[in-house]
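Okay, so here's the structure we're looking at.
The values are calculated or read from the model by the stated rules, or taken from the named source; none is laboratory data. This is a predicted model, so every value here is computed, not measured. All Cβ positions, glycine included, derive from the backbone under ideal geometry; neighbour counts span all protein chains shown.
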Amino acid sequence: MTEYPLPARKPARPFFSSGPCAKPPGWSPENLKTESLGRSHRSKLGKARLQYCIDLMRELLQLPETHRIGIVPGSDTGAFEMAMWTMLGARGVTALAWESFGEGWVTDVVKQLGIEATVSRADYGQLPDLDKVDWADDVLFTWNGTTSGVRVPDGEWIPADRQGLSFADATSAVFAYDIPWDKIDVATFSWQKVLGGEGAHGVLVLGPRAVQRLEEYTPKWPLPKVFRLMSKGKLAEGIFKGETINTPSMLAVEDAIWTLEWAKSVGGLDGLKARATANAHALDKIVAERDWLGHLAVDHGIRSKTSVCLTVEGADADFIKAFAKLLEEQGAAYDIAGYRDAPPGLRIWCGATVDTADIEALGPWLDWAWNSLKN
């Protein structure tokens, strides 16, 4: 293999493709408050910190008081499965799938819950026809496809007078896009994506129509304890006031609080959106300047600005594995190979916790890895 000179500088903070990754600038373990660590989550202090975390999320997301926010087990997956297991079955279901996690929800609905759902699929890099969605059904979709780099363009395709509920897996979309909360009945996310936080905990957002469904409908299948949102025929309101179903990590909670406070310091939601947009634009420039790179989502109007998936000319899975390994060995970037079920390519995280200068610094390193392998 021909050796090429290393680029002049590395990203100041090497970043990952997704998951617990780029902490906000200035983060360190010493920044976290320690009073709640080692204390019971049911103590007065523990519940107060959990409630404060919920309040910060509401403020940052500009979420109306009509919507409830709960911290639940199992990251985004646990939150979304909790919503499906407790609310589906009351009417027909339409599931949209254009990437790995959307396909996972199809499997849950059809094979695990046994519901004869309408499934609308699209290949990686594309969207199904949103205009053909039947909103007499409950509709499941990912707002921003983390493994495909494809997002819904906006919320205009969701009717205000829908009969079914809208279920949005928004884990790599919240804190990066404007979410029309009046169009969303159920939303889920985790701290590990746009907030760069730790995994394990999910966040469940319920609109009033979702609460009504819970209080008027009982599913026919048994519910594990960690999925139960009802108590004595009423919504278990404590879940949405910091009284979690099971024991959370107070260290992860403090980590999320630190990042939410940091987000306020950089302009709140508008500041987070602007940082992600600047990062995506910087990566777009890198792609445009290299004929061997491309976007998996060719249509800019549906292209993610957080989890950006790239094609590499002529690359197969082995080439991508070697490409990512070279960059990891140099400490320039970690885990940027595309998702295992996606077409071979790269996945670059452009969320708000990443500095644009670090995205810009990635370009020469991509050139170095490409030249090293191709020549």
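A quick yes/no check of all residues on (1) buried (at least 20 other Cβ atoms within 10 Å of the Cβ); (2) hydrophobic (A, V, I, L, M, F, W, C):
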position	(1), (2)
Leu204	yes, yes
Pro208	no, no
Arg213	yes, no
Thr218	no, no
Val226	no, yes
Leu251	no, yes
Asp255	yes, no
Gly271	no, no
Ala274	no, yes
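Here are some residues: Asp299, Asp291, Asp284. Which one is among the acidic types (Asp, Glu) and closer than 18 Å to Asp355 by Cα?
On the way: Asp299 fails: closer than 18 Å to Asp355 by Cα; Asp291 fails: closer than 18 Å to Asp355 by Cα.
Within the list Asp299, Asp291, Asp284, the selection yields Asp284.
Do we find that Gly197 is in contact with an Asp or Glu (Cβ under 9 Å, 6 or more places away or on another chain), under 19 Å from Glu59 (Cα atoms), part of a loop (DSSP other than H, G, I, E, B) and assigned by TED's automatic domain parsing to the domain that holds Ala252 in this structure?
yes
Hey, which of the strands (runs of 3 or more DSSP E) in the range 265-375, taking only ones fully inside, have at least 2 residues that are in the same structural domain as Ala170 (by TED's automatic domain parsing)?
It comes to none.
Quick one: Arg162 ticks every box in (1) outside any loop (DSSP other than H, G, I, E, B); (2) buried (at least 16 other Cβ atoms within 10 Å of the Cβ); (3) over 11 Å from the mean Cα position of the chain (by Cα) bar one, so which box is it?
It fails just one condition, (1).
Run down Ala337, Ala352, Ala361 and say which single residue is among the aliphatic types (A, V, I, L, M) and under 16 Å from Lys23 (Cα atoms).
Details: Ala337 fails: under 16 Å from Lys23 (Cα atoms); Ala361 fails: under 16 Å from Lys23 (Cα atoms).
Of the residues listed, the single one that is among the aliphatic types (A, V, I, L, M) and under 16 Å from Lys23 (Cα atoms) is Ala352.
How about the range 126-159: which of its residues are among the small types (Gly, Ala, Ser) and surrounded by fewer than 24 Cβ atoms within 10 Å (Cβ to Cβ)?
If the condition is that a residue be among the small types (Gly, Ala, Ser) and surrounded by fewer than 24 Cβ atoms within 10 Å (Cβ to Cβ), then Ala136, Gly155 are the ones that fit.
Condition check ((1) modelled with pLDDT under 95; (2) surrounded by fewer than 20 Cβ atoms within 10 Å (Cβ to Cβ)) across all residues:
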site: Glu289; (1), (2): no, yes
site: Leu293; (1), (2): no, no
site: Asp299; (1), (2): no, yes
site: Val308; (1), (2): no, no
site: Glu313; (1), (2): no, yes
site: Phe319; (1), (2): no, yes
site: Ala324; (1), (2): no, no
site: Gln330; (1), (2): yes, yes
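Regarding Asp358, is this residue in contact with a Pro (Cβ under 6 Å, 6 or more places away or on another chain) and of a type outside the set (Val, Ile, Thr)?
Here the answer is yes, as Asp358 does meet what is asked.
Run down Glu3, Glu116, Glu65 and say which single residue is more than 18 Å from Ser249 (Cα to Cα), at pLDDT 95 or above and of a type outside the set (A, V, I, L, M).
The match here is Glu116.
The conditions are (1) free of Cβ contacts under 8 Å to residues at least 60 places away in the same chain; (2) β-branched (Val, Ile, Thr); (3) closer than 21 Å to Ala176 by Cβ, and Ile115 fails exactly one of them. Which is it?
Among (1) free of Cβ contacts under 8 Å to residues at least 60 places away in the same chain; (2) β-branched (Val, Ile, Thr); (3) closer than 21 Å to Ala176 by Cβ, the lone unmet condition for Ile115 is (3).
Would you be able to tell me the number of residues in the range 142-181 that are in contact (Cβ under 8 Å) with a residue 60 or more places away in the chain and on the phi < 0 side of the Ramachandran plot?
Residues in the range 142-181 being in contact (Cβ under 8 Å) with a residue 60 or more places away in the chain and on the phi < 0 side of the Ramachandran plot: 23 in total.
Any chance you could count how many residues in the range 256-303 are among the charged types (D, E, K, R) and under 21 Å from Trp368 (Cα atoms)?
Residues meeting the conditions: 5.
Please enumerate the residues belonging to the range 283-297 that are among the hydrophobic types (A, V, I, L, M, F, W, C) and within 21 Å of the chain's Cα centre (by Cα).
Leu283, Leu296, Ala297
Suppose the filter is out of contact with any Ser or Thr (no Cβ under 9 Å at 6 or more places or on another chain) and surrounded by fewer than 24 Cβ atoms within 10 Å (Cβ to Cβ); does Pro180 pass it?
Considered against the rule, which asks whether it is out of contact with any Ser or Thr (no Cβ under 9 Å at 6 or more places or on another chain) and surrounded by fewer than 24 Cβ atoms within 10 Å (Cβ to Cβ), Pro180 comes out as yes.
Can you tell me which residue among Ala187, Ala210 is closer than 19 Å to Ile71 by Cα and part of a strand (DSSP E or B)? Show your work before the answer.
Working: Ala210 fails: part of a strand (DSSP E or B).
When all the criteria are applied, what remains is Ala187.
Quick one: would you say Ala276 is under 29 Å from Trp191 (Cβ atoms) and at pLDDT below 95?
Taking the combined requirement at face value, the residue does not satisfy it.
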